[in-house]
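These notes concern the structure reproduced below.
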Amino acid sequence: MSLQSLFNNVFTHQRPTITRDEYGGCIITWNTLGTIKGRLRPTGVSERSASYLANPQAVVSHVFYCGPGVDIRSGDRVVLGNVTVEILGVKNPSYANHHIEAEGKVIQ
């Protein structure tokens, strides 16, 4: 069984565009870049504990997996149905260019 066969869902991929308003504030617009075939899994207790110790403000709740050629970045979002996950960090495990692991948190 190949890893690609484990990418069992199609996610909407969004990236923010930030512009200034006339009052000096920011307006964030979420642009849909397309879709990504991938897999989303909730993190385990040990992963959540480790992420909390590293950064209490950004506790990782899910890990998103996708193919190696996907342009996914910190700050992007992946959406599946009514679940939206903000990407906090992106890793290329073992630098093998086999797949991407992106840690994220669910947006309520």
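Annotations
- Among (1) surrounded by fewer than 16 Cβ atoms within 10 Å (Cβ to Cβ); (2) at pLDDT below 85, the one test that Glu47 misses: (1)
- Lone unmet requirement of (1) closer than 14 Å to His13 by Cα; (2) buried (at least 16 other Cβ atoms within 10 Å of the Cβ); (3) basic (Lys, Arg) for Lys105: (1)
- Flag if Thr35 is surrounded by 12 or more Cβ atoms within 10 Å (Cβ to Cβ), at negative phi and at pLDDT 85 or above: yes
- Residue count for the range 68-98, restricted to those that are over 16 Å from Val10 (Cβ atoms), touching a strand residue (DSSP E or B) at 6+ places or on another chain (Cβ under 7 Å) and of a type outside the set (D, E, K, R): 9
The values are calculated or read from the model by the stated rules, or taken from the named source; none is laboratory data. All figures in this text were calculated on a predicted structure; none of them were measured in a lab. Here Cβ is always computed from backbone atoms with ideal geometry, including for glycine, and neighbour counts include all displayed protein chains.
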